[in-house]
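Structure, as structure tokens:
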Amino acid sequence: MIHRFVERSIIHINVAHFAVAVEQTLDARLRDRPVLIAPAGAARTPVYDMSQEAFTSGIRKGMPVAGALKVCRDCRVLPLYPARYERAMQTIAKYAGAYTPVVEQGSGDGHLFLDVTGTSRLFGPPPDVAWRLERQIKKDFGLAPAWSVAANKLVAKVATRLVKPVGEYIVSPGEEAPFLEPLPLGILPGVERSDLDALAMYHIGRVNQLRPWDLGQLQVAFGTRAQFLFDTIRGIDLSAVTPGREKEPAVAMEHEFSEDTNCQDKMEQVLYGLAEKAGRVLRARQRFARIAGVVVDYSDGRRCARQVSIAPATANDPALFEAARRALILAVVRRVRVKYIRLVLRKLLFPPVQLDLFDCDWQERQARLMVAMDNIRSRFGDSAIYPGRMEAPGLQQLFYA
Amino acid sequence: MKQMVPLTVRSGYSLMWGTASIKEVCHAARQRGYDRLALTDTDNLYGLWHFLEACRQNDITPVVGAELTDPATTDRAVLLVKNQEGYKNLCRLITARRLEPDFKLAEGVTRYAGGLAVLTRNSSHLEQWHESGVAVYGAMPRRPLPLSSPLCQTARYLNVPLVATPGSFFLSPEDMETHRMLRAIDLNTTVDRLGPSDAAPRDAWLASPREYEKRFEACPEVLANTRRLAQTLEFTGPDFGLVMPPWDSGTGTSPAGALRDAAYRGAQARYGRDLPESVVRRMENELRIIIQMGFASYFLVVRDIVRLSPRICGRGSGAASLVAYCLRITNVCPIKHNLYFERFLNPGRKDAPDIDVDFAWDERDNILAAVFERFGDHCAMVCNHVRMQPRMAVREVARVYGLTEAEISRVTKKMPWFWRQDTAGLDILRELSERPESRDLDLPAPWPRIMAVARKICGAPRYLSVHPGGVVITPRPVCEYVPVERAAKGVRVIQWEKDQAEEAGLVKIDLLGNRSLAVIRDAIAGLRSNGHLLDESPWAPEDDFATQEAVSQGKTMGCFYIESPATRLLQKKSRVGDFEHLVIHSSIIRPAANDYIQEYLRRLHGGSWDPIHPLLADVLDETFGIMVYQEDVSRAAVSVAGFSHAEADGLRKVMSKKDKDHVLADFYRRFADGAAQNGVTPEKIREIWQMMMSFSGYSFCKPHSASYARVSFQAAWLKTYYPAAFMAAVISNQGGFYSTFAYVSEARRSGITILPPDVNASDIRWQGNGNTIRVGLSAIGHLSLKTMEKTLAGRKAARFIDLEDYMDRVRPDESEAQALIQSGAFDALCPGRSRSMIRWQWACWKNRRPPTSSAPLLFDTVLHPVVPPPQITEDPLERYRQEFLVLGFLCDTHPMTMYKTEQEGRQIIKAKNLGRYAGKRVCVAGWLITGKVVRTKNGDPMEFLTFEDETDIFETTFFPKTYTRFCHMVDSNRPYLLWGIVETDWGAVTLTVDKIEGLPDYT
């Protein structure tokens, strides 16, 4: 719900070049030098993120890596690990959760909005909260975020953009319009390339050039974008900070190939290992799965995810594998090698209490086999028993170590 | 003959199935002890002449045949030729299979079975064909079939012999891997995803006779039948002689008589009613040879084709013929310019000469269509066999291995472009890792594997494309000589590329497209529409002094063939602009000839020289002792090494072939022996040979150069006297050496005013008039042809009176309206208004324009006019930026003028003044126009770049050190500051750059 008339306090935390910053905390050698991150392998792959040094020498997000390396020849190129950034983001969001339940985070991009409206009595004024958070992030991660406090998300974001990569900016309520006045229009979030092109047709590049236009005039020139522009240049933004939703329970297992492969047999072996692992988790939790999904990442960074339903729901390794294999065949349609496979079992149910009308001897025996295998493994270790298809050099170490 | 004969052998011409080249197939067959071999590629005779040649070399009796498939089913049959009629039928059948969409194998074979032995494994076909009298045999594949199989039973019942046809797709069991790789490439999949019917079985290799006999031990009568059948196949290849296009006068006149009449009539038109003695003598001589060799109808057919267009350029060696000149096939007088007819035709010549004709690029397709219409199925185009080159092979194999495009490009971009399958040697991996560029290239697994497999598929034919202009016209339908198929772009092509077509005796006519002919045509038409009538019949631009002057100063941007920076520099350095020298220059400009160019310039400017050897004195006198023309090679071989004319001509031909290394080695041996006998020292022999090799396949014969020089002169003349009309035509026809930007600057330098596009004045094409060029609507990016046409049609009805009027009547879409505004096309319509204000005006029009649908609105909307916003100001830099964005150039100024502030405070020299600073280090600001990377003798890359500022265009050199340091910064079409030493060479000024800095890109 949006409280229109309550003065809001929004903190925006922006860790500049987040993905690179995360990598730099993991590998100190990457600090203070030009680094960029891009999905490895694709021919014209765009830059995903870059360090401040790389930014200064002219590299920008989205430009092709080949072009970026032309601009800055000694730039290190790192592969993209979205999961890593997401995990780091989760941790930071957890810190923020100590101050307010209303935390909005981007997906691994280093942006965090906190709605701290009305928490002053508990934690002190918003700038104090922001400052404490900054200190904590710095201490635990070695990341130095830029932050701002403003009455809405729009202004808060512009403020951090102004002080990036490090620093803080507090925009007092009511100061929004004068704050934005001298800025270039390109800095406003939500103003797209197409808007800037349309504005350039009127030779307009800054907020103060557009301010004299009334809504009617904006409508004539910019059509449906008029209201947005009208509000934005005046710092009006009523959107709420929206915390993410709870995730649906699922069992997920993943594998990254030491050498990328497009060999069907190898992928299926790995998939079987994953299905076994996932099956064991399911059985331990006493759940059956109804959907099996497979996500594959190709060498060139393209991802393909496919899922199939499992009927009847099961926690049996061979049945899970059969479903997963169908999903894999749907997912692997290109001949580019695969570097990563993830198996996700979803729609987890309690095992059906209702027995089958007729005896199903085969299912019964399968289930007993699973129980027996689980027992053996729990006593003698995972490698004590495994199916013949997993008899290949290296595989046991990977899955039964 | 006692042994088994393989009757179903495929080569690499069974595209993406077979692995071995025809040479390898024949060699392997010989080694395994076969003396008879049938080549049966699938649905084609692509390699027929290579096969016959390879059989000759390996002493094998060839059996001609093909495997024919049914497009709708998996049915197939092997057809073997028994006699001449069978060959024709085979060609007809393959043609039908390729051209008829609903071709059915069963019916087709019945239709054209004469002279063919048909082998099938389909029992119902066996029965059907047997009943209709076809010489059919039951084909027992790979292993003996059980007697109970339908084929055996039917054969026994019909009393038809069974033969063994163990088909092969590769030569040895190890080639299976290569075969499966080809299949995976073809089907766009990986090797382990290939289904059972996607590839040949493991034993589909060419085994020895013993092996086959062992396999078919159980049924000796099958082997006996096979031998018997092979013995009856006595056809060892077609023999057409020279196949000339047919010519029919319609009145019964013989071609010889008609040619004589036409040639003399033409001569009178060219030389006046009273023909000079020299003309008559030469004409008689030429006519005698032409008629004696049976080429009369060929000349007449070419004449008929040439008549389809008023402006052509006959080129190639044919331009040495007076008859061709009189028939208006060529435009250079061979007598005036000393062109020898014998270079084109002589009684000793066995192969077919060809006449190449250029047409304006936009007319050529119509000409081809007209030729096809007139000759119907008697004509088809020549094809190209596109083969796997190392780069393509590595790329395709790596894809099958699942590598990403980036990983692949990282390696393939280090592979030189000129690596072809013949020069790549054997080991791609080793060759690649030894190159200096690959120093930092790491090739981990699976690269070594990929390279090894790629090496095996290098040179495999991949698909057919169309030869740029080669047409064959035959007296009988083409498909009786060679199978015809349809190329991807829709034209009918024969299945042989030009070398095989020549070997077969099919005479080809080259009809090519040429942009400059269209430029000249349009420029003259432009002049005519402005009231300047140019009579072309006495037009002799090469004799015009002012034109020669312009040519000698290299002021030839836009002129055909002499506009590249290298040629313009050569012109400047030579300081001569007459026809004879231009002929030399357009031939000497070629790769690998730089040393000779320097030497030529020295000698041209009076340097002393001795002929490289007294034996060559006469041969090379005209060209200062330097080999310039293609025929110099053969003439040198004749006079130095005592080659016969035919032999020397063979050497000349080999040099332009791709697969030449070992043949050339043989020629060198003979050349060295011959020369040594004539008393030439080994040192001189090497020197002469090196000069001959400097042609490296790129050379012109003199008649060809002369034909080109004639067109160059026409262009240069037009540029000298009517620069506006000429440059407008150059830009409108596009495809010149430079960008529109560079041509606009050149026009401005010639004192021409560039008028911006204007909806009331611009045509679609650019128009030159007097001293102005009006930018055409075609220059505006994003503008569709439909809108351009609507603009012209609207204007024809009534001039546009204001912006709203234009918008109401033409209704361009939003992006087009924007582009028109940005380009300044409405400036004249809205005088006194800035472009941003015009844009506002357009936005207002858009808001209140009536809806296009006629459905009534739910509510009455009364639109109140909106007051313009208070602040619409014009920012000149922004205006230029936008104009540049849609046009790619600026109409009223050079973009360098936008960089005044950046240039302030620096000692910047203007390009036109560079000559005054010879030997000094200067700083120049310039816009990059074009560039060319070359390699030094050590293999290091360096670059020649052309820049310009608002005053002039200038050439720069980036030597390897500077190049390596700055090459990453150099990007096309933007401004730079350059520092370097000004150098002069025979009066031509260049800048040797040592430092470069980018200026901000405002565009």
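Read the figures in this text as sums done on the coordinates, not as results from a lab. Computed from a predicted model, the values in this text were never measured in an experiment. Here Cβ is always computed from backbone atoms with ideal geometry, including for glycine, and neighbour counts include all displayed protein chains.
Simple rule: put +1 on each Lys or Arg Cβ and -1 on each Asp or Glu Cβ in chain B, find the dipole, and look at B:LEU52, B:ALA546, B:CYS844; the Cα lying farthest toward the positive end is B:LEU52. Most simply put, chain B has about 65% antiparallel DSSP beta bridges, counting only bridges with both residues inside it. Straight-distance candidates among the lysines for linking to B:LYS104, with alpha-carbon spacing under 26 Å and chain neighbours fewer than 8 residues away dropped: B:LYS82, B:LYS88, B:LYS489.
To the nearest ten degrees, helix B:814-823 and the longest principal axis of the Cα atoms of chain B are 50 degrees apart. The relative contact order of the range B:535-655, computed from alpha carbon pairs under 8 Å that lie at least 6 residues apart in sequence, is 16 percent. With respect to chain A, whose longest principal axis is taken over its alpha-carbon atoms, helix A:82-97 is tilted by about 60°. Cysteine residues of chain A whose Cβ has no partner cysteine Cβ closer than 4.7 Å: A:CYS263, A:CYS304, A:CYS360.
Ellipsoid fit via the Cα gyration tensor, chain A: semi-axes of 48, 26, 22 Å, each the root of five times an eigenvalue, largest first.
Where only DSSP H runs of four or more residues are counted, chain A gives -12000 deg cm²/dmol as its mean residue ellipticity at 222 nm, each run worth -39500 (n - 2.57). When the helices of chain B are scored as -39500 (n - 2.57) per DSSP H run of n ≥ 4 and the total is divided over every residue, the value at 222 nm lands at -12500 deg cm²/dmol. Hey, quick one: spin label on B:ASP442, modelled 7 Å out along Cα-Cβ, who in the range A:20-41 has an amide N within reach, i.e. under 12 Å? Hits in the range A:20-41 for B:ASP442 at 12 Å: none. The order of A:MET89, B:MET727, going from fewest to most other C-beta atoms within 10 Å of their C-beta, is A:MET89, B:MET727.
Let a ≥ b ≥ c be the square roots of the eigenvalues of the Cα gyration tensor of the range A:271-401; is it rounded (a/c under 1.5), or, if not, prolate (a/b larger than b/c) or oblate? Judged from the Cα gyration tensor, the range A:271-401 comes out oblate (a/c at least 1.5, b/c at or above a/b).
Charges were assigned to the Cβ only: +1 to each Lys and Arg, -1 to each Asp and Glu. The resulting dipole of chain B about its Cα centre is roughly 560 debye.
Dipole magnitude for the range A:325-401: computed about the Cα centre from +1 point charges on Lys and Arg Cβ and -1 point charges on Asp and Glu Cβ, it is near 780 debye. Whole-Hz Karplus values for the range B:343-359 come out as 4, 8, 9, 8, x, x, 6, 8, 7, 7, x, 10, 10, 9, 10, 8, 10 Hz, taken residue by residue from phi with 6.51 cos²θ - 1.76 cosθ + 1.60 and θ = phi - 60°; glycine and proline positions read x.
Overall shape: prolate for chain B, with the ratio a/c of the largest to smallest alpha carbon gyration tensor axis at 1.5 or above and a/b above b/c.
Since only B:ILE355, B:GLY531, B:PHE966 are under comparison, the one whose Cα sits farthest along the positive direction of the charge dipole of chain B, derived from C-beta charges on Lys, Arg, Asp and Glu, is B:PHE966. The value of relative contact order for chain A, using C-alpha pairs under 8 Å at least six residues apart, is 14 percent. If you restrict to DSSP beta bridges whose two residues both lie in the protein assembly as shown, what percentage is antiparallel, to the nearest 5? In the protein assembly as shown, approximately 70 percent of DSSP beta bridges are antiparallel ones.
For the protein assembly as shown, the residue among A:ALA292, B:TYR976, B:ILE589 whose Cα projects farthest onto the positive side of the dipole built from Cβ charges is A:ALA292.
For the range A:194-278, applying the loop criterion from DSSP together with a ceiling of 15 other beta carbons within 10 Å to the GluC sites (Glu not before Pro) yields A:GLU246. For chymotrypsin sites (Phe, Trp or Tyr not before Pro), the sites in the range A:294-373 that DSSP calls loop and that have at most 11 other Cβ atoms within 10 Å are A:PHE358.
Cα-based values for the range B:149-305, radius of gyration first and Dmax second, are 30.6, 86 Å. Judged by the mean number of other Cβ atoms found within 10 Å, the most tightly packed of the peptides B:114-123, B:520-529 leads the ranking B:114-123, B:520-529.
Relative contact order, whole percent, for the range B:163-290 stands at 22, derived from Cα pairs under 8 Å and 6 or more residues apart.
Note on the range B:14-153: percent of Cα-Cα distances in each 10 Å bin, starting at 0 and stopping at the bin with the largest distance, equals 12, 39, 35, 14, 0. The Stokes-Einstein estimate for the range B:882-940, based on a Kirkwood radius over Cα pairs and taken at 4 °C with 1.567 mPa s viscosity, is a diffusion coefficient of 88 µm²/s. Charge dipole (Cα centre; +1 on Lys/Arg Cβ, -1 on Asp/Glu Cβ; no other charges) of the protein assembly as shown amounts to roughly 1780 debye. Using r as the Cβ-Cβ distance of A:CYS263 and B:ASP203, and R0 as 25 Å, what FRET efficiency do you calculate, to the nearest 0.05? In this case the efficiency is close to 0.50. Convex hull volume per residue, computed on the Cα atoms of the range B:685-821, equals 163 Å³. Rounded to the nearest 10 degrees, the inclination of helix B:702-721 to the longest alpha-carbon principal axis of chain B is 20 degrees.
Its Cα gyration tensor gives the range A:88-183 an equivalent ellipsoid, and the semi-axes of that ellipsoid, as √(5λ) in whole Å with the largest first, are 21, 16, 12. Shape index of the range B:67-116: Rg/Rh, with Rg the Cα radius of gyration and Rh the Kirkwood radius from the inverse mean 1/r over Cα pairs, equals 0.94. Remark: spin-label model distance B:ALA665-A:ASN375 equals 7.7 nm, labels positioned 7 Å along the Cα→Cβ axis.
Taking every alpha-carbon pair in the range A:193-292 and binning the separations at 5 Å intervals from zero gives 2, 9, 14, 11, 6, 5, 5, 4, 5, 9, 13, 10, 6, 1 percent. Of the trypsin sites (Lys or Arg not before Pro) found in the range B:923-975, the ones in coil according to DSSP and having at most 13 other Cβ atoms within 10 Å of their Cβ are B:LYS937. Pairs of C-alpha atoms in the protein assembly as shown farther apart than 42 Å represent 65 percent of all such pairs.
3J(HN,Hα) along the range B:479-495, derived from phi through the Karplus expression 6.51 cos²θ - 1.76 cosθ + 1.60 where θ = phi - 60°, amounts to 6, 8, 9, 7, x, 10, 9, 9, 7, 4, 7, x, 7, 7, 10, 7, 7 Hz, with x in place of Gly and Pro.
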